[in-house]
Amino acid sequence: MRSACLIVNPTARVVSRETADSVEEVLRGAFDLHVAETEAPLAALEIAREAAAAGAETVVAFGGDGLVN
């Protein structure tokens with residue numbers, strides 16, 4: 001199964017726990033999934049780098065408009 005990392009910004013206004021759980025559930029059906037939540041500005045960048053270095057084939061960013069700059 002392909003590997004992926006889901007990066008979630010839990011403080012984004014458009015992200016609810018329910019929505020994040022739904023996205024995670026769908027992705028788990030298609031990927032060996034690792035989920036990480038951002039805790040600080042620019043944390044998503046470091047999480048994505050670490051995921052790529054660990055062999056993740058796909059990185060999914062889920063958060064507000066500031067998550068991907």
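The values are calculated or read from the model by the stated rules, or taken from the named source; none is laboratory data. Because the structure is a prediction, the values reported are computed rather than measured. In this analysis, Cβ positions are derived from the backbone assuming ideal geometry, glycine residues included, and neighbour counts consider all displayed protein chains.
Structure notes:
- Scan of region 4-25 for residues that are surrounded by 17 or more Cβ atoms within 10 Å (Cβ to Cβ) and either assigned to a helix (DSSP H, G or I) or in contact (Cβ under 8 Å) with a residue 60 or more places away in the chain (or both), ordered by number: I7, A20
Per-residue answers, yes or no, for (1) surrounded by 11 or more Cβ atoms within 10 Å (Cβ to Cβ); (2) more than 9 Å from the chain's Cα centre (by Cα); (3) of a type in the set (V, I, T):
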position: L27; (1), (2), (3): yes, yes, no
position: V35; (1), (2), (3): yes, no, yes
position: A40; (1), (2), (3): no, yes, no
position: R49; (1), (2), (3): yes, yes, no
position: G64; (1), (2), (3): yes, yes, no
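- Scanning region 38-59 for residues that are at negative phi and modelled with pLDDT of 95 or more yields a total of 13.
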